[in-house]
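Comments concern the structure below.
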Amino acid sequence: MDMLELSEIALRVIIGTLCVAAFGIIFGLLYKGIDRKLSAHMQGRIGPPIIQPFRDVRKLFTKENVVPENAIPWIFNLVPMVGLVATISILIYLPIGGFPPIISWAGDLILILYLLLIPSLALVIGGFSSGSPYAIVGAQREMATMIAYEFPLAIVIITFAWKLGYKLNIANTFSLATIVGAPVWNNITGPLGFIGFAILLLVLVIVTPAELSKIPFDAPEAETEIAGGLLVEYSGRNLAMFYLTDGVKTVVMASIIVVLFFPYNISNMLGLESYPAYTVDILFYLLKVFLVILFSVTLIRVAIARLKIDQIVYTYWIPLTLMSLIGLILVMWDGTITSLLGLT
Amino acid sequence: MFTIETGSGFWNPIIWVAAMVIAFLVTYILRSFGNKSYKKNTEQTKVFLSGNPEYQKEKMHVKADNLYWGFTESLKGFYSLLKKVHTGNTGDYILWFVIILAIFFIVEVI
């Protein structure tokens, strides 16, 4: 690798990270505002203006940054930043706005799964370091929730790898560029495959609110029960960091669903090229992310009440794990009906 | 360079660390715009307990095994079965080991 290539990579990483950080924070807050507005309308309320999350962050920055006397100050102050840093770093591996990932060759879907754990772990460590009984109960619940939803999530990812690697014989099955290049719906050969992937999509949509600690899976925070749980002692700029992390992570989770299940652009269909094509694809991507957030966050949190932690574990380990296993088996059996009927 | 490849996936830790450093700088600068002051050693720094008094630190401790309650409660049928089997007798465990080995052997032969 010569100096020119090295400097190009360095430039790409620096500018790319700055751009995705700005994109993630701005659109994360914007989608948060839209989610709050829509959920308010669904509950017969007017709701706050869409730009309210931006005002919330600005206000939090002006508030005092209290460090409780029982806390471990350096951990208490550091982890809110760690959560946001890890979430921003995921965005550089994801195809955004119809463009390929900034560094598609430097990380795959397994890396993203591991990186997704860091913001949740930051919350857990922050909760434990607060020295508050409410925060410790919240941190324990967050850990239990993480252990619960990882299992069905892993099965969804493995199904994609199996389909691409074993069935379609494609190399680098965990690569997001590979997944985007071979959309699942284009590679199913019968009804079983379609039903299987539809089930896996549903599983991922139900995993998303737990990843984001949204109702009905917000037992770790549970304002009415443990006064905000892991975040009870956080205030000011530290709380603002967690607030921003939540917004960016919402974009990340929605983007993962878009990449896995809807990696399509419409500029080709419209016969567009150059800048008009980029504009249309970016707008289409933003629309897809919005729709995913609408179904996986807004509708679910408006329709369902908060679950207890044992109900959360049960939901993920029994019905959702079984659903994802059924989805995996149906994808494995894809094409058997058509081949039995002699249609292939 | 320095990319770890498994055939199915890949990861470059150097690039990830570089991205993390830049993202950390962005976050740090953003955080520095916030107010960093607070009133030390005042009521403000007391733990929030919904107005209840704070007892001795040792008495406020939340046990670590609470973490498992969600699992033991939601899967209590399974755990009650396991508890019956978990006798603490080494002979029983060796018996289970032999039974499982025998099942594997029979499956392999078939």
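Using each residue's phi in the range B:63-72, evaluate 6.51 cos²θ - 1.76 cosθ + 1.60 at θ = phi - 60° and report the 3J(HN,Hα) Karplus result to the nearest Hz, with x for Gly and Pro.
Ordered by residue, 3J(HN,Hα) equals 5, 5, 6, 4, 3, 8, 4, x, 7, 5 Hz.
Mind checking which lysines have their C-alpha under 22 Å from residue B:84, skipping anything on the same chain fewer than 8 residues away?
B:76
Given only helices, namely DSSP H runs of n ≥ 4 each adding -39500 (n - 2.57), what is the per-residue ellipticity at 222 nm of chain A, to the nearest 500 deg cm²/dmol?
Result for chain A, helices only: -22000 deg cm²/dmol.
Am I reading the A/B interface right? What is its buried accessible area, both sides, 1.4 Å probe, to the nearest 100 Å²?
Looking at A and B, the buried total is near 4900 Å².
Who wins for biggest fluctuation among B:35, B:12, B:89 in a Gaussian network model of chain B, springs between alpha carbons below 10 Å?
Ranking B:35, B:12, B:89 by mean-square fluctuation puts B:12 first.
Return the single residue from A:285, A:234, A:314 with maximal mean-square fluctuation; model: Gaussian network over chain A, springs between Cα atoms under 10 Å.
Comparing A:285, A:234, A:314 in the GNM, the peak value goes to A:314.
Ignoring any ligand, DNA or RNA, what whole percent of the accessible area of the range B:57-110 comes from carbon and sulfur when the probe is 1.4 angstrom?
71
Highest GNM mean-square fluctuation, chain A, Cα pairs closer than 10 Å: which of A:118, A:14, A:102?
Of A:118, A:14, A:102, the most mobile in the Gaussian network model is A:14.
Read phi for every residue in the range A:83-94 and hand back ³J(HN,Hα) as whole Hz from Karplus 6.51 cos²θ - 1.76 cosθ + 1.60, θ = phi - 60°, with x for Gly and Pro.
In residue order, the calculated couplings are x, 5, 4, 4, 5, 5, 5, 5, 4, 6, 9, 9 Hz.
Compute the distance in nm between two label points, each set 7 Å from the Cα along the Cα-to-Cβ direction, one at residue B:93 and one at residue B:69.
Calculated label separation equals 2.9 nm.
Which cross-chain or sequence-distant (5 or more) residues have an amide H under 5 Å from the amide H of residue B:10, H modelled 1.01 Å from N in plane?
Hits under the 5 Å cutoff: A:108.
Got a sec to turn the phi values of the range A:163-174 into Karplus ³J(HN,Hα) couplings, 6.51 cos²θ - 1.76 cosθ + 1.60 with θ = phi - 60°, whole Hz, x for Gly and Pro?
4, 6, x, 7, 7, 9, 6, 9, 6, 6, 5, 8
Work the Kirkwood hydrodynamic radius out for the protein assembly as shown: mean of 1/r over every pair of different alpha-carbon atoms, inverted, in Å.
Result for the protein assembly as shown, one decimal place: 24.2 Å.
Can you tell me how chain B classifies by the Cα gyration tensor, rounded, prolate or oblate, using a/c under 1.5 as the rounded cut?
The shape class here is oblate.
List the lysines whose Cα sits under 29 Å from the Cα of residue B:36, skipping any in the same chain fewer than 8 residues away.
A:32, A:59, A:63, A:214, A:249, B:46, B:57
In chain A, what percent of the accessible surface is made up of carbon and sulfur (1.4 Å probe, ligands and nucleic acids excluded)?
The value for chain A is 71 percent carbon and sulfur by accessible area.
Taking all protein chains together and a probe of 1.4 Å, list A:142, A:225 from the most accessible to the least accessible.
A:225, A:142
Got the relative contact order for chain A handy, in percent, Cα pairs under 8 Å and 6 or more residues apart?
It comes to 27 percent, rounded to a whole number.
The values are calculated or read from the model by the stated rules, or taken from the named source; none is laboratory data. Keep in mind the model is a prediction, meaning the values are calculated, not measured. Positions of Cβ are generated from backbone atoms using ideal geometry, with glycine treated the same way; all protein chains shown enter the neighbour counts. Accessible surface is based on the protein model in full, side chains and every heavy atom, while ligands, DNA and RNA are left aside. Shrake-Rupley method; radii C 1.70, N 1.55, O 1.52, S 1.80 Å.
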